[in-house]
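A quick write-up on the structure given underneath.
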Amino acid sequence: MTRPTISDAAVQAKTGRVWVEWFKLLDAEGAAEMTHRQIAAALSDRHGLSGWWSQMVTVAYEQARGRRELHQTSRGYQVGVSKTMPVPVDTLFTACEDEASRRRWLGDEPITVRRATRPKSMRITWSDGQTNVDVSFWNKGPAKSTVQVQHSKLADRDEVETKRAFWRGALTRLADQVAK
């Protein structure tokens, strides 16, 4: 059984129940025979959960019941990596947006930037043409920011681990580059 990544205390504070209570309730309501969409709708309609919490409880239930693996989504697998750096968010965003700068830390991956919203996010089609990379930037103060990368539509758990290692290395190189 996969353990939920959100604590019992956090889920109870936001939903009024701990994980085991949600899982028992969903079992009693026949969720084992429902689709993902049906479970999420029941959580929203019958139990008043927000869209986000409906999805979180549904995914945790599916993982707990062996219907979904960790990092698995309806469109494959995904992995996220983040790093906080001692630079302003604009500096971090520019290092990712500017092609020459990006090549120094990312390499020669022929990516397609579909959309960039300064200094908040970038949406990228990866070099394989099949997977997506969503990059988010967070201002943590005048000289501190975080970049979060989520690589999605991955084929399997092995690819999750390969991309996790790749992105950890890339973000370490980015941090070294912007610190100079």
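The values are calculated or read from the model by the stated rules, or taken from the named source; none is laboratory data. The structure presented is a predicted model; accordingly, all values stated were derived computationally and were not measured. When we count neighbours, we look across all protein chains shown, and the Cβ atoms used for this are built from the backbone with ideal geometry, even at glycine. Areas reflect the complete protein model, heavy atoms only, side chains present, ligands, DNA and RNA absent. Shrake-Rupley method; radii C 1.70, N 1.55, O 1.52, S 1.80 Å.
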So, with a 1.4 angstrom probe, what is the percent of accessible area on the chain that is carbon and sulfur? 47 percent
Checked against the positive end of the charge dipole of the stretch 40-180 (+1 on Cβ of Lys and Arg, -1 on Cβ of Asp and Glu, about the Cα centre), the farthest of Trp52, Gly107, Gly169 is Trp52
Of the lysine pairs in the chain, how many meet both conditions: Cα atoms under 24 Å apart, and a spacing of 8 or more in sequence or different chains? 15
Just the accessible area per residue of the stretch 103-158, please: how many Å² with a 1.4 Å probe? 59 Å²
Between Ser7 and Arg118, 0.36 nm times their residue separation minus their Cα-Cα distance comes to what? 36.6 nm
Counting only helical runs of four or more DSSP H residues, what would the 222 nm mean residue ellipticity of the chain come to if each run contributes -39,500 (n - 2.57) and the total is spread over all its residues? -14500 deg cm²/dmol
Please compute the per residue accessible area over the stretch 1-53 with all protein chains in place, 1.4 Å probe, rounded to a whole number of Å². 64 Å²
Bins of 10 Å, starting at 0 and running to the largest distance - Cα pair percent for the chain: 9, 31, 27, 23, 10, 1
